[in-house]
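Undergrad: Got a structure here, written out as structure tokens. Questions coming.
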Amino acid sequence: MSESLTMKALSMDVITAKMFTEIDIAVTDKFGEKGRQLIKAGLEHFGLKDAEALAKKATAEGENHTFYNYLPKQVEGEEKYAALTSFARFSKMFAQLAKQIVDEYGKEGEDTISLFVRRFGEKRGKGIAQRARTNDTDNSIENYLTNYDMGRSDLFKIDTKYKDQEIEQTFIHCPLGQQWADDNMHQYGILYCQEIDPAIARGYNPNMKVVHDKYVLKEGQCHFQFQLKAEASND
């Protein structure tokens, strides 16, 4: 048997770069040049200097992304959010990008953002399954959180209960959702919250189901039930 590897979680800089690239693809595929201009506007509202700093960090960690398609070679000004956590920066960027699309296209824009989040989540889930396989384990429910790709840090306050083929989690505090609430960006952040965890779980194992019946942006906390039958693992 091969030796199990210790795999570091992806940094939020890398995850944010992945998010930006996926939303760029989805929006420009759907709306063409107009979509590209809206992505550019969202990045400008977020802050080009902050985006450049993030792009450099993600590149240094080996992530390919499309930030540089939107950034001038010389970016002037100062970073606005350097003192914020990487989770806060993710939330602020997502909200500004989603806002441009939804405000311009309404329900069609919402549907495009939801589609992008599902694609983004499923790719992450497949990566988590690959991490599990690398560690000589299968994509069963027991190996989901132990191979998760994102470090949660102490900023997340989570109660986790393992049951028979189920993980129940209550997020008492989520820095992503809280940032959207603090910025009054509920209508954009909820598009992410509604799709991301079911999509990640589905990418990890197509038979995993997620019941998400409470949201930070609605009830003040998130409540999940990740469910998978014993025979449904797909290694």
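The values are calculated or read from the model by the stated rules, or taken from the named source; none is laboratory data. These numbers were taken from a predicted model, which means no experiment stands behind them. SASA here: full protein model, heavy atoms, side chains in, ligands and nucleic acids out. Shrake-Rupley method; radii C 1.70, N 1.55, O 1.52, S 1.80 Å.
Undergrad: For volume of the Cα convex hull per residue in Å³, pick the label among (1) 130; (2) 111; (3) 121 that corresponds to the value derived from the coordinates.
TA: Entry (1).
Undergrad: What accessible area per residue comes out for the chain, rounded to a whole number of Å², with a 1.4 Å probe?
TA: On the way: 11550 Å² over 235 residues.
I get 49 Å² per residue for the chain.
Undergrad: Which order do 78, 52 take when ranked by solvent-accessible area (1.4 Å probe, heavy atoms of all protein chains), largest first? Present the calculation step by step, with values, prior to reporting the outcome.
TA: Values: 78 155, 52 20 Å².
My answer, sorted largest first, is 78, 52.
Undergrad: Listed here are the pairs 92/123; 8/57; 40/99; 8/30; 126/209; which of them are more than 24 Å apart at the Cα?
TA: Numbers: 92/123 22 Å; 8/57 16 Å; 40/99 12 Å; 8/30 35 Å; 126/209 15 Å.
Check vs 24 Å cut-off fails for 8/30.
Undergrad: Amide H to amide H, which residues 5 or more places from residue 220 or on other chains are under 5 Å from it, using H placed in the peptide plane?
TA: Correct list: 215.
Undergrad: So if each residue of separation counts as 0.36 nm, and I subtract the Cα-Cα distance between residue 223 and residue 156, what length gain in nm does that give? Can you show the working numbers first?
TA: On the way: separation 67, 0.36 × 67 = 24.12 nm, distance 1.33 nm.
Contour length minus Cα-Cα distance gives 22.8 nm.
Undergrad: Provide, for q = 0.12, 0.15, 0.16, 0.26 Å⁻¹, the log10 of I(q)/I(0) from a solvent-free Debye sum over equal Cα point scatterers in segment 163-218.
TA: -0.32, -0.49, -0.54, -1.09
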